Amino acid sequence: MDLYRIIPKDDRWIISKNIVYIDYLAKIPILVKEGDAIWIYIDRRITKYVLKLVKILQKEEIKFLFRSNRIIFEHKFSQDEIHELNLKQYIRNIADESFFDGFNKIEFDYTRNISEYLLKYKCHDIFKKQYAIQKKRLLSKYWDYYQNKEFYEVSREDIRDYISALEREVKINLLF
Amino acid sequence: MRSRDWRRQKEKQKILKRLKGLACQHMYRTYDANDNWIQSYKWMDIIGTSTHYMYKTHTTKHRYKNRWGKGKKVGFWSSNDSKTRVFDKRLFKKMLDREYDIKSFNISYGFIQNNTEG
């Protein structure tokens with residue numbers, strides 16, 4: 001796969017040694033090519049560019065997986081730690097409104113992508129563990145004593161529904 | 001000439017300067033935009049967080065007025081800059097509110113003329 005063919009012709013997109021960077025205040029990595037595998041950093045700093053790149057790769061029918069922005073040098077982490085960080089960011093960043101609406105707009109199947117990740121690396125136990133932690137935090141609510149009102153950690157109801165049904169949908173995806 | 005691009009570039013330089021300054025001075029641990037707990041962080045890790053957006057809104061004091069920020073009312077260093085145009089306007093609005101019961105959001109030249117003497 002030629003990276004120069006895929007990436008938009010713009011001064012902000014920079015390629016160096018199979019890594020694509022975005023020039024937004026600093027050079028932030030967005031895509032890594034390791035042999036045949038392609039990784040995209042699911043990063044909230046550059047949501048606009050991540051969505052643009054996902055749309056292009058989806059059109060070209062190229063398979064890819066998401067990755068945590070912490071993992072730049074792989075040799076510093078063990079294999080379990082890498083999966084833990086990746087899956088944590090998978091679950092947490094879909095609660096972000098811009099990612100949730102963006103993926104819906106470009107009709108990208110996010111749950112299918114998670115199930116592909118689990119099939120490739122066989123890390124169901126880590127996913128279950130991370131999902132239990134993140135679900136507890138994202139669906140939590142607190143009482144504001146100044147306003148006498150109850151607030152959720154994630155304000156939108158459709159996102160909360162998606163998160164609560166995520167594990168079930170991943171299981172269905174794995175079956176078929 | 002000093003066009004919109006020039007102003008945007010200058011603002012970017014100013015924000016970068018503030019970000020780099022903070023990373024050198026203060027704490028060594030922080031949460032980044034993706035809620036990761038990072039130890040011995042660099043200025044790139046602050047991008048997208050609340051502190052980064054704070055630096056966009058805050059202003060720095062200039063000889064004549066406050067500059068480099070979206071909300072020009074919020075001072076970056078101090079609010080005791082009594083010689084600036086922004087501070088004068090704030091005082092003027094307070095005076096109108098106190099003496100003539102005119103709220104600050106209703107201000108226009110015609111409105112003041114109608115409601116005041118002379």
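Derivation of every value follows stated rules applied to the coordinates shown; laboratory data play no part. Worth saying up front: this structure is predicted, and the values here are computed from it rather than measured. A quick note on method: Cβ atoms are made from the backbone with ideal geometry, for glycine too, and the neighbour counts reach across all protein chains shown.
Would you please give the residues with an amide H less than 5 Å from that of A:Leu31, counting only those at least 5 places away or on a separate chain, with H modeled from the backbone geometry?
Result for A:Leu31 returns A:Val20, A:Tyr41.
So how do A:Ser68, A:Ser164 line up by other beta-carbon neighbours within 10 Å, fewest first?
The fewest-first ordering by Cβ neighbours comes to A:Ser164, A:Ser68.
Per Stokes-Einstein, at 10 °C and 1.306 mPa s, what whole-number D in µm² s⁻¹ belongs to chain A, with the Kirkwood radius over Cα pairs as the hydrodynamic radius?
Values: Rh = 17.5 Å.
Translational diffusion coefficient: 91 µm²/s.
What ranking of B:Tyr53, A:Tyr24, A:Tyr146 emerges when the number of other C-beta atoms within 10 Å of each C-beta is taken as an exposure proxy, fewest first?
Least to most surrounded, the residues fall as A:Tyr146, B:Tyr53, A:Tyr24.
As a quick test, which of the pairs A:Lys149/B:Lys17; A:Lys52/A:Lys88; A:Lys120/A:Lys141; A:Lys27/A:Lys76; A:Lys9/B:Lys42 have an alpha carbon distance above 31 angstrom in this structure?
Pairs exceeding the cut-off: A:Lys149/B:Lys17; A:Lys120/A:Lys141.
Kindly provide the helix-only [θ] at 222 nm of chain A, computed as the sum of -39,500 (n - 2.57) over DSSP H runs of four or more divided by all residues, to the nearest 500 deg cm²/dmol?
When only DSSP H runs of four or more count, the value is -15000 deg cm²/dmol.
Just the number, please: Stokes-Einstein D of the protein assembly as shown in µm²/s, Kirkwood Rh from C-alpha pairs, 4 °C, 1.567 mPa s.
Calculated translational D: 56 µm²/s.
Return P(r) of segment A:1-69 (all Cα-Cα pairs; 10 Å bins starting at 0; whole %; ordered from short to long distances).
Answer for segment A:1-69: a P(r) of 19, 64, 16, 0 percent.
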